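Asks: Just passing along the structure, written as structure tokens.
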Amino acid sequence: MANNGNEFLPNYVEHLVPLQEKKYVTPKKLGIIALAIVLTLGVIAATILSNLQLLGGLIFFLLLGIAVLVWYLWRFVSIEYEYTILGGEISFEAIYGRRQRKPYYSAQLKRIEKLAPVGGKFVSKADFQGVTREVFCAAKMNNPKTWYAIVKEENGDKTLLFFEVTEKAEKALRFYNGRAFFG
């Protein structure tokens, strides 16, 4: 039987969580802009006040250094997440400035103790007792597709994971660990 692309393959799912402007992102961006302005004005003031030709020649390199610093800091304000479900494992990557990817979190799906929608009727405070780490890989908490998972790590610690669950991801999660589902 030929695969026409519409069949569900539970062994592979990929989803990009799009970047959403958060309340704390705008102040960080404004802070970076303010830092650049203050540093630039400081370099110009130092050049004028010192009246040294040597410092006047270095102003270009100092301003270039400020531009590089702003570019470097700016990309860490814009973070997206992508997760992949493959072979019974879920892996998250952080994407900084829409360019650089770094592994962020990974877990075996069989280690998930509970998986439910955030704000659903199955949420209880008892679920969060003993959690030693929180991993947030969702654009917004009030999104109906945002779910949480309690993952028991190999060392016995519990991780609270927030991420967006698509229909295909839900099917794969049920396939690999149906006993953890609530909702």
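The values are calculated or read from the model by the stated rules, or taken from the named source; none is laboratory data. Source: prediction; values computed, not measured. Every residue, glycine among them, receives a Cβ derived from its backbone with ideal geometry; neighbour counts consider all protein chains shown. The protein model used for the area step is the full one, side chains on, heavy atoms only, and it has no ligands, DNA or RNA in it. Shrake-Rupley method; radii C 1.70, N 1.55, O 1.52, S 1.80 Å.
Asks: Restricting to segment 140-154, what's the tally of residues that are farther than 17 Å from V118 by Cβ and surrounded by 14 or more Cβ atoms within 10 Å (Cβ to Cβ)?
Replies: Total satisfying the criteria: 1.
Asks: Starting from segment 169-183, keep only residues that are under 13 Å from E113 (Cβ atoms), then list their pairs with residues that are open to solvent by 30 Å² or more (accessible area, probe 1.4 Å) and not hydroxyl-bearing (S, T, Y) whose Cβ atoms are within a distance under 7 Å, requiring at least 6 positions of separation or different chains.
Replies: Taking only residues 6 or more apart or on different chains, the pairs are N177/K110; A180/E113; F181/R174; F182/F122.
Asks: OK, next. Which count do you get for residues in segment 155-173 that are open to solvent by 20 Å² or more (accessible area, probe 1.4 Å) and part of a helix (DSSP H, G or I)?
Replies: Taking segment 155-173 and keeping what is open to solvent by 20 Å² or more (accessible area, probe 1.4 Å), we get 155-158, 162, 166-168, 170-171.
Within this subset, residues satisfying the condition of being part of a helix (DSSP H, G or I) are 167-168, 170-171.
Final tally of qualifying residues: 4.
Asks: Any idea which of (1) modelled with pLDDT of 70 or more; (2) hydroxyl-bearing (S, T, Y); (3) open to solvent by 50 Å² or more (accessible area, probe 1.4 Å) is the one T40 doesn't satisfy?
Replies: Condition (3) is where T40 drops out.
Asks: How many residues, within segment 91-110, are free of Cβ contacts under 8 Å to residues at least 60 places away in the same chain, under 16 Å from N177 (Cα atoms) and either touching a Phe, Trp or Tyr at 6+ places or on another chain (Cβ under 6 Å) or buried (at least 18 other Cβ atoms within 10 Å of the Cβ) (or both)?
Replies: The qualifying residues number 1.
Asks: Restricting the search to segment 155-168, which residues are more than 20 Å from the chain's Cα centre (by Cα) and without any contact (Cβ under 8 Å) to a residue 40 or more places away in the chain?
Replies: N155, G156, D157, E167
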